[in-house]
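Engineer: Got a structure here, written out as structure tokens. Questions coming.
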Amino acid sequence: MLTRQEHVAWCKKRAHEYIERGELMEAMTSMLSDLGKHPKTERSTELGGLMMITINSNSIPDVIRFIDGFN
């Protein structure tokens, strides 16, 4: 099993792949979904879901800040 830090890095990498394709909403959804797959990050999805509501999903800088804000 990956450490918490390794798992978060993996989640961010996958989310950034969506950003590179211009799929911003999918990037945020992927981040939250992937965080839910590790016991030490699954609770992050609760707050992340609420934060996602306030993000401009058409703004690349906003989506990057959302994703990179997890640690």
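All of the numbers you see were taken from the coordinates with simple rules; none came from a lab. On a predicted model such as this, the values are computed, not experimentally measured, just so you know. Don't worry about glycine lacking a Cβ; one is built from the backbone with ideal geometry, like all the others, and counts go over all protein chains shown.
Engineer: Per DSSP helix of 4 or more residues, -39500 (n - 2.57); summed, then divided by the residues of the chain. What does that give at 222 nm, rounded to the nearest 500?
Structural biologist: -21500 deg cm²/dmol, from helical runs alone.
Engineer: Name the trypsin sites (Lys or Arg not before Pro) in the stretch 14-71 that are in a loop by DSSP and that have at most 10 other C-beta atoms within 10 Å, would you?
Structural biologist: R21
Engineer: Treating the beta-carbon of each Lys and Arg as +1 and of each Asp and Glu as -1, no other charges, what is the dipole magnitude of the chain about its Cα centre, to the nearest 20 debye?
Structural biologist: The calculation lands at about 220 debye.
Engineer: Quick one: helix 4-20 against the long Cα principal axis of the chain, what's the angle to the nearest 10°, folded into 0 to 90?
Structural biologist: 20
Engineer: What are the ³J(HN,Hα) values, in whole Hz, obtained from phi via the Karplus relation 6.51 cos²θ - 1.76 cosθ + 1.60 with θ = phi - 60°, for each residue of the stretch 55-70 in sequence order, with x given for Gly and Pro?
Structural biologist: 8, 6, 6, 9, 10, 4, x, 5, 5, 4, 4, 4, 5, 6, x, 7
Engineer: On to the next question. Taking a quarter of the surface of the Cα convex hull of the stretch 4-68, what do you get in nm²?
Structural biologist: Result: 3.7 nm².
Engineer: I would also like to ask the following. Between helix 24-35 and the chain, what is the angle of the helix's C-alpha long axis to the longest principal axis, kept within 0 to 90° and rounded to the nearest 10?
Structural biologist: Taking Cα atoms only, the helix is inclined about 10 degrees.
Engineer: Okay, next question. From the phi angles alone, apply the Karplus equation (6.51, -1.76, 1.60; θ = phi - 60°) to the stretch 37-54 and give each ³J(HN,Hα) in whole Hz, x where the residue is Gly or Pro.
Structural biologist: Values, residue by residue: 8, 10, x, 8, 10, 4, 6, 4, 5, 5, 5, x, x, 5, 5, 4, 5, 8 Hz.
Engineer: Now for a separate question. How much net charge surrounds G69 when only other residues with a Cβ under 12 Å from its Cβ are counted (Lys, Arg +1; Asp, Glu -1)?
Structural biologist: Details: positive: K12, R65; negative: D62, D68.
So the surrounding residues net to 0.
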